[in-house]
Amino acid sequence: MAEYSAPLKDMSFVLNNIADLPSLAKLEGYEHAEADVVEAVLEEAGKFAANVLSPLNKPGDLQGSHVKDGVVTTPDGWVEAYAGFVEGGWNGISAPEAYDGGGLPSAVALATVEMWNAANLGFSLCPLLTQGAIESILAHGTEEQQQKYLKKLVSGEWAATMNLTESQAGSDVGALRTKAEPAEDGTWRISGQKIFITYGEHEMSENIIHLVLARTPGAPAGTRGISLFIVPKYLVKDDGTLGKRNDLKCVSLEEKIGIHASPTAVMSYGDNGDCVGYLLGAENKGMACMFTMMNSARLNVGVQGLAVAERAYQQAVEYAKDRRQGQAPGMPKGEMTPIINHADVRRMLMTMRANIEAMRCLIYLNGAALDEAHHGADEAAREKAMGLAELLTPMSKGWCTDLGVELASTAVQVHGGMGFIEETGVGQYYRDARILPIYEGTNGIQALDLVGRKLSLQGGAPVKALFTEMDETVKALADTGDEMSAMSLQLNLAVSALKEATDWLYSNAPNDPHAAPAGATPYLRMFATTVGGYLLAKSALKAREMRANGDPDTAFLDAKIVTARFFMAQILPMATALLGPVTEGAETLFAIDDAQLSA
């Protein structure tokens, strides 16, 4: 099994032509994001991913993380790899320069996040959570909190976690029971237990900053009464040095299907009544603060779906080239062909490739929209970009993680019987990917968010603007007058069906409380697949233009066009077919009762 190799050429193509890096580099604060700088960053990131993280992936899965007496030990090589990660400055390349970050656009940072996760998903979960904490403290922390915590978090010397889930609450965060009692010194005393805390305890960083949701005395019921607290593993003195160990501990680690190397902890706070916490943001406004962290995490989890699919694809292609079985048409008798020459294997590989390229376009565009939302030249531009970013986020998380599982499964299928044998390593990608549609808000929640909140944002302006851009791309394809014009037919069908589904939701959701939830999941799939087709069409048009202008890399550009053609012919029609499930309503979902379901 070869190590991971970052697809730098495609990453650069998408950054430049879909995320529009040249325009991002003109925004205030991003002036140094020039093409040569970004290219150098991506190249070095690719080397770290391939040479340091990738070789630890399978051994880490086999060894796993372990806990004894509250002390967690990560797999061999983890501590050294994390030290190299920190030394390379990789943890904060998109963080503000004021806190010693790299100040690069989020779209560029997402490309590096893709590399870390493709090389080693279990390792990469640690910096993912830290990134979310940085954004939360930037958005909601006091100046004192920002000065005390951000530089160490940006550097990666300190890690961070997100503590939402409790055993009795699950996704219903409003049902949490963790308490926060005010202390005389202005701090708070935290008590309670949290589950599923990624990297809740480990030895890789010198401190861990936990962001913990808790309920204060007299707080309203439900999510309206939740507050967010900074709870350090080691208290931080005014001079920035570490003080005493806080009253918190890891009780146990979860035994999981996958991501064995990542310590998923059960955390207990305040067993001795002295767990010190510091309010982040306003009291009873914890969900608003936490959503800053969760929205970052949701996009990054979408990247994980893309990353696992890319890693699984690389191994599937390698195996299909080497494995000989059967005869391809026209071969001499007695000779066996590499299975990559069989049509069905080719179909699986092209399905993986086309979806991966579409996912990459979606996610990098999502990151670029966030960059524009925070650094745009004027308020109108920032508002428009934020609308697009919010619309795309549930699709990035939901669609890309569903595909991460599906395409990892496809990679197992390409391997045939050997895919079911752990020796090949491809099964790890499938096991690791299975958590992705679940955490940071299940994909059902992402779908409900899309139809319940995002369609109506800004009076529906982001949706209308995206539809207009899709229509323009359909026309541009048709106007080519060559083989690419055929792609306009399938894209036009998908966009038309998506508009009809959207109009149906707008019309029926206000009158039927079950209408939108019943069609939400197929609608997210329909919307995201159509966006994927639209973005691959833009890629193909750009590749055609570059080829006409004499770009010498004709093999790469031709492959971009063919991949888009495959997506339009083989994948996009499935989005059009989802119009029925989206608009069917809920009648058949509830036509039988609970007893009949269990019969």
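Laboratory data are not the source of any read-out in this text; all were calculated from the coordinates shown. Small disclaimer: the values here were computed from a predicted structure and weren't measured. Quick reminder, even Gly has a Cβ in these numbers, built from the backbone with ideal geometry, and neighbours come from all protein chains shown.
Some notes on this structure:
- Cα-based helix-to-principal-axis angle, 343-375 vs the chain, degrees rounded to 10: 50 degrees
- Likely footprinting exposure, Met484, Met115, fewest C-beta neighbours within 10 Å first: Met484, Met115
- Ordering of 63-72, 453-462 by packing is 453-462, 63-72, highest average first (other Cβ atoms within 10 Å, averaged per residue).
- For the stretch 8-284, the extents of the C-alpha atoms along the principal axes are 54, 44, 37 Å, listed from largest to smallest.
- 32 Å Cα-Cα threshold exceeded, pairs from Lys152/Lys542; Lys58/Lys179; Lys26/Lys538: Lys152/Lys542; Lys58/Lys179
- Hypothetical label at Ala461: residues of the stretch 267-300 whose amide nitrogen lies under 20 Å (7 Å Cα-Cβ projection): none
- Legend: ranking of residues Ile134, Ile340, Ile257 from fewest to most surrounding C-beta atoms inside 10 Å; resulting order Ile257, Ile340, Ile134.
- Residues whose amide H comes within less than 5 Å of that of Leu280, counting only those at least five positions distant or on another chain, are Leu228, Phe229, Ile230 (H built at 1.01 Å from N in the peptide plane).
- Taking the Cα centre of the chain as reference, the dipole from Cβ charges on Lys and Arg (+1) and Asp and Glu (-1) amounts to some 1000 debye.
- Remark: the stretch 25-31, residue by residue, has Karplus-estimated 3J(HN,Hα) of 5, 8, 6, 4, x, 10, 4 Hz, where x stands for each Gly or Pro and the curve is 6.51 cos²θ - 1.76 cosθ + 1.60 at θ = phi - 60°.
- Rounded FRET efficiency, nearest 0.05, which uses the C-beta distance separating Asp551 from Ile592 and R0 of 56 Å: 0.45
- Convex hull of the chain built on C-alpha atoms - directionally averaged projected area, nm²: 30.0 nm²
- Loop-located GluC sites (Glu not before Pro) in the stretch 193-240, at most 15 other Cβ atoms within 10 Å (DSSP): Glu203, Glu206
- Centroid-to-centroid, using Cα positions, the stretch 74-144 and the stretch 524-598 are 31 Å apart.
- Under the combined filter of DSSP loop state and at most 13 neighbouring Cβ atoms within 10 Å, the stretch 28-124 retains these GluC sites (Glu not before Pro): Glu28, Glu31, Glu34.
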